[in-house]
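Undergrad: After the structure tokens below, expect a handful of questions from me.
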Amino acid sequence: MKWLGIILICLFAGLLIYAEGDISSYGDPSSPASIHVSPEYIMRSYEETHTPNMVTAVLADYRGYDTFGETTVIFTAGLICYLLLGSWKRNDH
Amino acid sequence: MITRYHNLIISLACRIIVPFILIFGIYIILFGHYSPGGGFQGGTILAAGVILTRLVLGKKATYKKFPPQLGLILGAIGLLIYGGTGMVALLAGGNFLDYSFLPIPGIESAERRYYGILFVEIGVALGVFGVLLSIFDGLSKEK
């Protein structure tokens, strides 16, 4: 069982090292991340949203659904803290 | 139980600083369109201001001004503002969270998206503010 784990870890490490060769270098202007939607945001975000801060436009408008999920996660975390730490008295009966 | 911190310097500094912290938090929220900032950061600063009063003035005084139950209610209202903005756009004929369909008369589509972002940021700020405060109150409550 122990050896199986070691072999699996080695296999996954090999897979990651093999896949790492295909990652484009950091900040490469011809990488897929920089030629797909980024130029659209940079060119059109001010005309479409009248928001000079591109980050806010992407965060709250183009990726609004994502931010809605983030807010839900934060609210759920607060709800769970309230349920665990509790501030009401439990009825003992 | 956090009691009042009996120290003249800290108490006076808190009184002077806290209003500015709260105003700065609101500024960060509303100025997120033009500079780094927005709902998450502004809400955190607002929560820091209220938590500072909790630490310095004690619970007895601050629970009257800002009850601990209000935290989660504000968080829920914030989430409701966010979801409501999306639902209004949905009911007005667009996609969910497509602000260009918000029914604000007299302004063009890009301007409507500007105000949609503003509503959403206010919702996020209320949510973060309420949740952080609620977590602090939960952690610092007595048995």
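A short reminder: the numbers here are calculations on the coordinates, not readings from a lab. For clarity, every value in this text was computed on a predicted model and none was experimentally measured. Here Cβ is always computed from backbone atoms with ideal geometry, including for glycine, and neighbour counts include all displayed protein chains.
Undergrad: How do A:10, A:81 line up, fewest other C-beta atoms within 10 Å first?
TA: The most exposed by this proxy come first: A:10, A:81.
Undergrad: Looking at chain A, which chymotrypsin sites (Phe, Trp or Tyr not before Pro) are in a loop (DSSP not H, G, I, E or B) and have at most 11 other Cβ atoms within 10 Å? Walk me through the numbers on the way to the answer.
TA: Working: sites: A:3, A:12, A:18, A:26, A:41, A:46, A:62, A:65, A:68, A:75, A:82, A:88; in loops: A:26, A:88.
The qualifying sites are A:26, A:88.
Undergrad: Give me the angle, in degrees from 0 to 90, between the Cα long axis of helix B:70-91 and the longest principal axis of the Cα atoms of chain B, rounded to the nearest 10.
TA: 0 degrees
Undergrad: Can you give the longest stretch of chain A with no exposed loop site, where a site means trypsin sites (Lys or Arg not before Pro) in a DSSP loop (not H, G, I, E or B) with at most 10 other C-beta atoms within 10 Å? Spell out each step's value before the answer.
TA: Values: sites that count: A:89, A:90.
Longest run free of exposed loop sites: A:1-88.
Undergrad: Further question on the same structure: For chain B, what is one quarter of the convex hull surface built on the Cα atoms, given in nm²?
TA: Averaged projected hull area, Cα only: 10.1 nm².
Undergrad: If you filter region B:1-46 for chymotrypsin sites (Phe, Trp or Tyr not before Pro), then keep DSSP loop positions with at most 12 other Cβ within 10 Å, what is left?
TA: Working: sites: B:5, B:20, B:24, B:27, B:31, B:34, B:40; in loops: B:5, B:31, B:34.
Sparse-neighbourhood loop chymotrypsin sites (Phe, Trp or Tyr not before Pro): B:5, B:34.
Undergrad: OK, next. For every helix of n ≥ 4 consecutive DSSP H residues, a contribution of -39,500 (n - 2.57) applies; sum these over chain A, divide by its total residues, and give [θ] at 222 nm rounded to the nearest 500 deg cm²/dmol.
TA: The helix contribution divided over chain A gives -20500 deg cm²/dmol.
Undergrad: Calculate the dipole size of chain A relative to its Cα centre from +1 charges on Lys and Arg beta carbons and -1 charges on Asp and Glu beta carbons; express the result in debye to the nearest 20. Present the calculation step by step, with values, prior to reporting the outcome.
TA: Details: 5 positive and 10 negative charges, 123 e Å.
Dipole about the Cα centre, nearest 20: 580 debye.
Undergrad: A further question follows. Of the residues A:47, A:70, A:20, which exhibits the maximal mean-square fluctuation in a Gaussian network model of chain A defined by a 10 Å Cα contact cut-off?
TA: Fluctuation is largest for A:20.
Undergrad: What's the angle, to the nearest 10 degrees (0 to 90), between helix B:8-30's Cα axis and the longest principal axis of chain B?
TA: Tilt relative to chain B: about 10 degrees.
Undergrad: Now for a separate question. Which is farthest toward the positive dipole end of the protein assembly as shown among A:32, A:43, B:129, measuring Cα position about the Cα centre, with Cβ charges +1 (Lys, Arg) and -1 (Asp, Glu)?
TA: B:129
Undergrad: Mind checking which helices in chain A clear 18 Å along their axis (Cα) and have mean Kyte-Doolittle hydropathy of -1.0 or more, DSSP H runs only?
TA: On the way: long enough: A:2-20 (27 Å, 1.87); A:64-85 (31 Å, 1.12).
Helix filter hits for chain A: A:2-20, A:64-85.
Undergrad: Treat every Asp and Glu Cβ in chain B as -1 and every Lys and Arg Cβ as +1, leave all other atoms uncharged, and give the resulting dipole magnitude about the Cα centre to the nearest 20 debye.
TA: Charge dipole of chain B: 860 debye, to the nearest 20.
Undergrad: Assign unit charges at the C-beta atoms only (+1 for Lys and Arg, -1 for Asp and Glu), then state the dipole size of the protein assembly as shown relative to its Cα centre in Debye, rounded to the nearest 20.
TA: About 1700 debye.
Undergrad: Where the convex hull is taken over the Cα atoms of chain A, what is its projected area averaged over directions, in nm²?
TA: 13.6 nm²
Undergrad: Provide a whole-number value for the mean count of partner chain Cβ atoms within 10 Å of the Cβ atoms in peptide A:50-59.
TA: Counting other chains' Cβ atoms within 10 Å and averaging over A:50-59 gives 6.
Undergrad: Fewest Cβ neighbours within 10 Å first, please rank B:128, A:55, B:56, A:37 accordingly.
TA: In increasing order of surrounding Cβ atoms, one gets A:37, A:55, B:56, B:128.
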